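K.L.:
I have a structure here, written as structure tokens, and I will follow up with some questions on it.
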Amino acid sequence: MKPILSKAQLDYTKAKNMFENRAKVLEKEIAAKRALQEITQEVMEELVQATGFHDAYNDLVVAENALIEWSHSTIKHEKSYKDNKAAIDALYENVNASPEKRQELIQLSMKIR
């Protein structure tokens, strides 16, 4: 049976899949262009825009932020939050301290049911 996901979790999953798909398209376009010419910054910028990678990245960041915000709101109703309020709030305050911490919090957010 499939787990029931929140809107924030569904939106994140959709944005992540779109980002991964756009990344694959971008990689193929880069490989094709590389065979014909040198990849300069201008060429890369054109490819990023043309493949929709930039928009997919922006949508992913928005979805990640919404997921993190949703998980923080949701976890406040758990008994474990009351017992560990300071540590949990510190984790959320420092979510952007490193990409690893952010990714870990996103993964944990996807496990909330």
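K.L.:
Candidates (1) 31, 17, 12; (2) 18, 16, 13; (3) 36, 16, 10; which is the computed semi-axes √(5λ) of the Cα gyration tensor in Å?
P.N.:
This structure yields the entry labelled (3).
K.L.:
Also, quick follow-up: At 222 nm, what value in deg cm²/dmol follows for the chain if DSSP H runs of at least 4 each add -39500 (n - 2.57) and the sum is divided by all its residues, to the nearest 500?
P.N.:
Only helices count here, giving -26000 deg cm²/dmol.
K.L.:
Would you mind calculating the relative contact order of the chain from Cα pairs under 8 angstrom and at least 6 residues apart, reporting the percent as a whole number?
P.N.:
35 percent
K.L.:
Scan the chain and report its longest stretch carrying no GluC sites (Glu not before Pro) that are both in a DSSP loop and have at most 16 other Cβ atoms within 10 Å.
P.N.:
Formally, the longest exposed-site-free interval is 39-77.
K.L.:
Related question: Between LYS7 and ALA86, what is 0.36 nm times their sequence separation minus the Cα-Cα distance? Round to one decimal in nm.
P.N.:
Net length gain for the segment: 25.7 nm.
K.L.:
Give the calculated FRET efficiency between VAL43 and ALA97 to the nearest 0.05, with a Förster radius of 30 Å applied to their Cβ-Cβ distance.
P.N.:
0.30
K.L.:
Roughly how many percent of the accessible protein surface of the chain is carbon and sulfur, given a 1.4 Å probe and a whole-percent answer?
P.N.:
55 percent
The values are calculated or read from the model by the stated rules, or taken from the named source; none is laboratory data. These numbers come from a predicted model, not from an experiment. Reconstructed Cβ throughout: ideal geometry from the backbone, glycine too, with neighbour counts over all protein chains shown. These accessible areas exclude ligands, DNA and RNA; they are computed on the full protein's heavy atoms, side chains included. Shrake-Rupley method; radii C 1.70, N 1.55, O 1.52, S 1.80 Å.
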